[in-house]
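Undergrad: One structure, pasted below without further comment.
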Amino acid sequence: MSDAARHEALIDALGAELTPVRRLLPPWRRALGWLAIVAVIAVGLFVRYGAGTMLHRWSVAPDLGLAACGAVITAVTAALASFMLAVPGRSRSWAWVPVPSALLWIGASGMGCLRAHIPGMPVMDLHGANDCLIFIISFSIPLSGLMVWLLRRACPLRPVLTAVLVGLASASASASLLEICHNFDATASDLLMHTVAVGIVVGANALMGGRLLSKA
Amino acid sequence: MPNASLTFDGPWVLLRQPLPRGLDSDKAVPTESLSASEQADRQRAAWMAAAQAGDQRAYTRVLNDSVALIRAVARRQGVAVDALDDVVQETLLTVHRARHTFDPSRSYDAWLSAIAARRAIDLLRSHGRRAHREVHDEFAFDTHADREDASAGTQRHQDAERLRKAIETLPPGQREAVEQLGLKERTLAEAAERTGRNTGALKVNLHRALKTLRDRLHGEP
């Protein structure tokens, strides 16, 4: 069979099995759906813990507020970038969009370790820092799973890059949620645990999410 | 690399992107202001939008119209001429699977080019991996000239066993297509009658099965 005939036969076959499809919603709307789930969890945490401690930390140490803003913006931009990259034809430059806010998040968190401690606020020991690690990973698993499931409906042509952004979005969203109930001042061990947690989430997504998305 | 003018749609595009146009918006936009390639792109976008709604005629037209563009993209990616048609086949299958992701308010050519470029890269990578494992012709002749030794029969038997096992792991529809069309050498009409599937579905299943088998037997995921 010649190549032209092979293509014609395949096109005929694909045409014969054509069925109407429901068009994918725009990426920004799909990202909003995922962020809405994160927002619902945040409301639940606010109801449980209140906003008083968080606002007190931010008023005394504005760098912690900046770090939290960086985490929230990273969650939003990384989620949007993931959904964008999962659609063929969208620019790879979307992957850079979460970078500035991620730098703000990391930079401001690091700065927190250099200033004087907040009076009256406990300093985190290693046990408490472990709890942070468990919190971030525990929230990241379902959030990553949900996003990978949503992305599999699209057609991610760069599965590993998309999965890295999924990890970044989930980890930053989890770190943002942690901020609501994080009644500690910033310390080097706390920052280290946050970094390890984010690294584990992003790495696990790149490994497993990339495989899941490449089969989408 | 795909044409830069087709893929320049970074985040900043949100600031200057025109409002989405409907299927009939060609009537509203003065087409004389568009270049021939832009008009052709819009026509293909309209056909694909109709295909998303189930229009088979529009679908076969847009796929037929896509073949030349896929070949051009694959060529730009560095795919050898004799492998271009493999990229065309893989891209057409991906287009079919991902047709719901096309947004008619955007360029069809950019969407198709991205898929074709990725399938071309996949093919180049798989050829690269295969080249590492395969022995060069002259070297093979010098060192393994006598292929019909006592182990040849065993090798053939093992190959047949591997193929049989690989066929067993195929999804039911694909396995059925291989058994009916490949192993029992039935015609499409006979196979369709026996399985109750239409000939189109059988052809697609056979194509997918062959790709899966090729990948598995070459040790690819």
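Undergrad: Once both labels are modelled 7 Å past Cα along the beta-carbon direction, what's the A:Val196-B:Glu193 spacing in nm?
TA: Label-label distance for A:Val196 and B:Glu193, simple model: 7.0 nm.
Undergrad: Based on the inverse mean of 1/r over its pairs of different Cα atoms, what is the Kirkwood hydrodynamic radius of region A:1-83, in Å?
TA: Answer for region A:1-83: a Kirkwood hydrodynamic radius of 17.3 Å.
Undergrad: Given the Cα-Cα distance of A:Thr19 and A:His56 and 0.36 nm per residue of separation, how much length would full extension add, in nm?
TA: So the chain would gain 7.6 nm between A:Thr19 and A:His56.
Undergrad: Something else about it: Sorted from largest down, what three extents in whole angstroms do the Cα atoms of region B:33-129 have along their principal axes?
TA: Largest first, region B:33-129 extends 42, 30, 19 Å along its Cα principal axes.
Undergrad: For B:Lys184 and B:Arg97 in the same chain, what is the full-extension length gain: residue separation times 0.36 nm, less their Cα-Cα distance, in nm?
TA: Computed gain between B:Lys184 and B:Arg97 is 28.4 nm.
Undergrad: Please compute the modelled spin-label separation between B:Glu161 and B:Arg75, points set 7 Å along Cα→Cβ, answer in nm with one decimal.
TA: According to this spin-label approximation, the distance is 4.8 nm.
Undergrad: Can you find, among B:Leu123, B:Ala83, B:Met48, the residue farthest towards the positive end of the dipole of region B:33-129? Put +1 on the C-beta of Lys and Arg, -1 on that of Asp and Glu.
TA: Result: B:Leu123, furthest along the dipole toward the positive end.
Undergrad: May I ask you to sort A:Arg30, A:Arg22, B:Arg216, B:Arg162 by Cβ crowding, counting other Cβ atoms within 10 Å and putting the fewest first?
TA: Final ranking by Cβ density, sparse to dense: A:Arg22, B:Arg162, B:Arg216, A:Arg30.
Undergrad: Remind me, relative contact order of region B:33-129 in percent, using alpha carbon pairs under 8 angstrom and six or more residues apart?
TA: Relative contact order for region B:33-129 comes out at 35 percent.
Undergrad: Right, something else. Which of A:Glu8, B:Glu185, B:Glu176 comes first, and how do the rest follow, when ranked by fewest Cβ neighbours within 10 Å?
TA: Arranged by neighbour count, lowest to highest, A:Glu8, B:Glu185, B:Glu176 become B:Glu185, A:Glu8, B:Glu176.
Undergrad: Where in chain A are the helices, taken as whole DSSP H runs, whose Cα atoms extend 18 angstrom or more along the long axis and whose Kyte-Doolittle mean reaches at least 0.5?
TA: Passing helices, by number: A:27-49, A:62-85, A:99-112, A:126-151, A:159-180, A:188-204.
Undergrad: Further question on the same structure: Whole-Hz Karplus ³J(HN,Hα) for region B:63-76, in order, using 6.51 cos²θ - 1.76 cosθ + 1.60 and θ = phi - 60°, x for Gly and Pro?
TA: 5, 4, 5, 7, 4, 5, 5, 4, 4, 5, 5, 4, 5, 5
Undergrad: Send over the Kirkwood Rh of region A:26-214, from the inverse of the averaged 1/r over different Cα pairs, rounded to one decimal Å.
TA: Computed over region A:26-214, the radius equals 16.6 Å.
Undergrad: I would also like to ask the following. So for region A:26-214, averaging the separation of alpha carbon pairs under 8 Å that are six or more residues apart and normalising by length, what relative contact order in percent results?
TA: Reported relative contact order: 31 percent.
Undergrad: Here's a follow-up. From the helices alone, meaning DSSP H stretches of at least four residues, give me the mean residue ellipticity at 222 nm for chain A, per-run term -39500 (n - 2.57), in deg cm²/dmol to the nearest 500.
TA: After summing the helix terms and dividing by residue count, I get -24000 deg cm²/dmol.
Undergrad: Another question about this same structure. Provide the FRET efficiency to the nearest 0.05 for the A:Leu146-A:Trp96 pair, computing r from the beta carbons and using R0 = 30 Å.
TA: 0.80
Undergrad: As a footprinting exposure proxy, order B:Val67, A:Val21, A:Val87 by other Cβ within 10 Å, with the fewest listed first.
TA: In increasing order of surrounding Cβ atoms, one gets A:Val21, B:Val67, A:Val87.
Undergrad: Could you give the distance between the Cα centres of region B:72-121 and region A:191-214, to the whole Å?
TA: 30
Undergrad: Sticking with this one: Roughly how many debye, to the nearest 20, is the charge dipole of region B:168-221 about its Cα centre, given +1 on each Lys and Arg Cβ, -1 on each Asp and Glu Cβ, and no other charges?
TA: It comes to approximately 120 debye.
Undergrad: Here's a follow-up. Note down the magnitude of the dipole of region A:1-121 about its Cα centre, charges +1 on Lys and Arg C-beta and -1 on Asp and Glu C-beta and zero elsewhere, to the nearest 20 debye.
TA: 440
Since every read-out is calculated from the coordinates, none of them should be taken as a lab result. It should be emphasised that the depicted structure is a prediction, and the values quoted were computed from it without experimental measurement. Cβ atoms come from the backbone with ideal geometry, glycine included; neighbour counts cover every protein chain shown.
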